[in-house]
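What follows is a single structure, written as structure tokens, with notes after it.
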Amino acid sequence: GVLYGPMGTGKTAVANEIGLAVATGAGMGRQHLATQPLYRSLKGRVLVAIYEDPFDYRRRIIALDKVHGVDLNTLDWAIVSADLNVTKEKDRAALLQRIRDDAVANGPPALLILDTVAAALGAESSNDDDVVGKLFAVSQSLVREFMCTVIFVAHPGKDETRGIAGSYRFQGN
């Protein structure tokens, strides 16, 4: 799926909340006067292919820990090095191999969060349907191999009223 919104609206924060729901198995949100989560989730391994500054991402995760009172050392959560342009076959294969290597060492991923689409595409245009197809090839491979859910974090175009920037293929996902 694709999670998008204007800069500063909390896309990464929402993706991290979803990741925490999966990593802990605790789900998201709480019903009033009840102990059940609003959105249930199974427990599973979370991988994040993060293209932003690792120190900034670390700050976000530490804040998430403080808000939710979880022990980061016990979470089944890891960062997959994401310095690759997924529109290039060799880079896409390398990212998938990093995920496979992690799966061998730590078990299969239940969720991969790729943040952000623009960075993963390098200099390629998200308006190009074939380019976006190469991005989705990552998720298709993970679904086939691990039955893994993939969330792509993306931005809207300059005219935020028109929705997500790029190919019509984003709308269907």
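The values are calculated or read from the model by the stated rules, or taken from the named source; none is laboratory data. These numbers come from a predicted model, not from an experiment. Here the Cβ is made from the backbone with ideal geometry for all residues, glycine too, and neighbour counts use every protein chain on show. We work out accessible area using only protein heavy atoms, side chains counted, and drop any ligands, DNA or RNA first. Shrake-Rupley method; radii C 1.70, N 1.55, O 1.52, S 1.80 Å.
At a Förster distance of 22 Å, what's the computed FRET efficiency of residue 143 paired with residue 42, Cβ-Cβ distance as r, to 0.05?
On the way: r = 16 Å, r/R0 = 0.72.
Result of the calculation: an efficiency of 0.90.
How far apart, in nanometres, would the label points at residue 52 and residue 26 be if each is projected 7 angstrom from Cα along the Cα-to-Cβ direction?
Each label point is offset 7 Å from its Cα along the Cβ direction, giving 2.1 nm.
Could you compute the net charge surrounding residue 94? Neighbours are other residues with a C-beta less than 14 Å from the C-beta of residue 94; K and R count +1, D and E count -1. Write down the numbers at each step before the final one.
Values: positive: 88, 90, 92, 98, 100, 134; negative: 83, 89, 91, 101, 102.
Result for the neighbourhood of residue 94: +1.
Can you give me the distance in nm between label points at residue 100 and residue 68, each placed 7 Å from the Cα along the Cα-to-Cβ direction?
3.0
Express the accessible area of the chain per residue in Å², computed with a 1.4 Å probe while the remaining protein chains stay in the model. Write down the numbers at each step before the final one.
Numbers: 9650 Å² over 173 residues.
Result: 56 Å² of accessible area for each residue.
Helix-derived [θ] at 222 nm for the chain: sum -39500 (n - 2.57) over DSSP H runs of at least 4, divide by residue count, nearest 500? All intermediate terms of the calculation are to be shown ahead of the outcome.
Working: 5 runs with 69 residues, N = 173.
Calculated from helices alone, the mean residue ellipticity at 222 nm is -13000 deg cm²/dmol.
Tally the DSSP beta bridges in the chain and give the antiparallel ones as a percent, rounded to 5. Don't skip to the end; give the middle numbers.
Working: 2 of 21 bridges.
Among the beta bridges of the chain, antiparallel pairing accounts for roughly 10 percent.
Enumerate lysine pairs in region 18-168 that are 8 or more residues apart or on different chains, then count those whose Cα atoms are under 25 Å apart.
Pairs that pass both the separation and distance tests number 4.
Where in the chain are the DSSP H helices whose alpha-carbon span along the long axis reaches 24 Å or more and whose Kyte-Doolittle mean is at least 0.0?
On the way: long enough: 89-106 (25 Å, -0.83); 129-146 (25 Å, 0.41).
Membrane-span-like by this rule: 129-146.
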